[in-house]
Amino acid sequence: MSSAVSAPKASAPRRPSLWSRLPVVRQLRQSVGLQRGMLVAGLVVTAAFVLTAVFAPLLAPYGYSQLRDLDGAFGAQQSPSADHLLGTTVGGYDVLSRVIWGSQTAALVIVVAIVASIFLGILIGLVSGYFGGWIDRVLVVVCDAIYSFPSLLLAILAAIVISGGQSDLWGGILAAALSITVVFIPQYFRVVRSEVVRIKGEAFIDSARVIGTPHLRIMVRHVLRNSTRTLPLIVTLNASEAVLTLAGLGFLGFGIEPTAAAEWGYDLNKAIADVSSGIWWTALFPGLAIVLSVLGITLVGESLNDLADPRLRSRRLSKQVAGRVEQTSVAAPTVPGGVVTDELTLPGEASQLDTLEGEDRS
């Protein structure tokens, strides 16, 4: 009496959780090897930079423009000690406090510049790519012309126009953010425009037009949602350039006044004479803050850019599939007297092949 063997039922694929579908978490799960190490290191450094900027009032032992406490004045160019862990500057400010408060200034410039650049770049890129014609040609020429100007030169001109060179906190932030925005707009414009030109020729866009959907709804609901997938990569790469532009403004003397906010480039400018005198702490720690913040953001951006490549992104999956195939593969059967070929060879066929090979050699 034969018993029927029931085949196991295939289980339905389980939908990934909301946490695993988050942008950075998803890329972290896809990364492997050196990619994962770079991404993790960049995330750790960037998280430290962001947390320092957010909790600067709690972490800084003194104010960014504080020159004295209850015991008296701090003193200029004091070496690191228990009262001032990183020493004091030539102006008598606490170095550690200036470095911590400077992260907040840099974070504000990044946020203002990136938000303004994304809004304007996406807007003109969407209009240019969707409508085309003379509007597209004019916007392309204008953006190419703007992109040809150096970002630091635009930052200096914006600082002079807005605040006359020296400015308060928000004046300096707007001066740096405006110059960065002008330079970053062409980058977002190019990316969004190319995606819009590709998407507007799809069948679902033609179907929306046929049923009478307004242009604004098509642009916002259908085109825009499918043309901004690569923007997070550009944001991370441009954030590091925003930090460098702000530091360049401060170093050249067009940044924020020390009594209005702390800025790393300004502190580096004032520490130039200290280096030749053997006073190293006034320049080391602001410069190290610039390097670490830019390095962390750049590592995140480069890692996300590599993971956006399907060939690199599927490397981990290919290894898993190769491992399963190797475990389930079966070696080809060997026949006594047979010839090792890709196909199964019988003994009689092997002897005929040997005879033919002997005649060819003779």
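The values are calculated or read from the model by the stated rules, or taken from the named source; none is laboratory data. Note that the structure is predicted; figures quoted are calculated from it, not measured. Glycine also receives a Cβ, built like all others from the backbone with ideal geometry; neighbour counts cover every protein chain displayed.
So for segment 78-88 (the condition being outside any loop (DSSP other than H, G, I, E, B), farther than 23 Å from residue 290 by Cβ and of a type outside the set (Lys, Arg)), does at least one residue qualify? Among the residues of segment 78-88, not one is outside any loop (DSSP other than H, G, I, E, B), farther than 23 Å from residue 290 by Cβ and of a type outside the set (Lys, Arg), which makes the answer no. The test for being in a loop (DSSP other than H, G, I, E, B) and at positive phi holds for residue 212.
Is it the case, given these coordinates, that residue 94 is acidic (Asp, Glu) and surrounded by 20 or more Cβ atoms within 10 Å (Cβ to Cβ)?
Yes.
Candidates 307, 288: the one that is crowded, with 20+ Cβ neighbours inside 10 Å and at pLDDT 55 or above is 307.
The requirement of being at pLDDT below 75, surrounded by fewer than 19 Cβ atoms within 10 Å (Cβ to Cβ) and either over 18 Å from residue 114 (Cα atoms) or in contact with a strand residue (DSSP E or B) (Cβ under 8 Å, 6 or more places away or on another chain) (or both) is not satisfied by residue 132. Restricting the first residue to segment 271-285 and requiring it to be more than 11 Å from residue 77 (Cα to Cα) and modelled with pLDDT of 90 or more, which pairs with a second residue that is surrounded by 16 or more Cβ atoms within 10 Å (Cβ to Cβ) and among the hydrophobic types (A, V, I, L, M, F, W, C) meet a Cβ separation below 8 Å and a spacing of at least six or different chains? Matching pairs, first to second residue: 285/86; 285/95; 285/96; 285/99. Among the residues of segment 193-203, those that are part of a helix (DSSP H, G or I) and more than 12 Å from residue 140 (Cα to Cα) comprise 195, 196, 197, 198, 199, 203.
Here's the yes/no breakdown for (1) surrounded by fewer than 23 Cβ atoms within 10 Å (Cβ to Cβ); (2) modelled with pLDDT under 90; (3) more than 28 Å from the chain's Cα centre (by Cα):
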site: 89; (1), (2), (3): no, yes, yes
site: 103; (1), (2), (3): no, no, no
site: 110; (1), (2), (3): no, yes, no
site: 113; (1), (2), (3): no, yes, no
site: 123; (1), (2), (3): yes, yes, no
site: 127; (1), (2), (3): yes, yes, no
site: 142; (1), (2), (3): yes, yes, no
site: 145; (1), (2), (3): yes, yes, no
site: 149; (1), (2), (3): yes, yes, no
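Is segment 133-155 home to any residue that is out of contact with any helix residue (DSSP H, G or I) (no Cβ under 8 Å at 6 or more places or on another chain), over 30 Å from residue 225 (Cβ atoms) and assigned to a loop (DSSP other than H, G, I, E, B)? Checked segment 133-155: at least one residue is out of contact with any helix residue (DSSP H, G or I) (no Cβ under 8 Å at 6 or more places or on another chain), over 30 Å from residue 225 (Cβ atoms) and assigned to a loop (DSSP other than H, G, I, E, B).
Take residue 206 and tell me if it is modelled with pLDDT of 80 or more, of a type in the set (Asp, Glu), assigned to a helix (DSSP H, G or I) and more than 30 Å from residue 39 (Cβ to Cβ). No, not satisfied. Here residue 254 clears all of (1) of a type in the set (A, V, I, L, M, F, W, C); (2) modelled with pLDDT under 85; (3) surrounded by fewer than 19 Cβ atoms within 10 Å (Cβ to Cβ) except the condition numbered (3).
Against the list (1) of a type in the set (Lys, Arg); (2) under 18 Å from residue 119 (Cβ atoms); (3) surrounded by fewer than 20 Cβ atoms within 10 Å (Cβ to Cβ), the condition residue 193 fails is (3).
The residues listed here are 130, 147; of these, the one that is in contact with a His (Cβ under 8 Å, 6 or more places away or on another chain) and not polar (S, T, N, Q) is 130.
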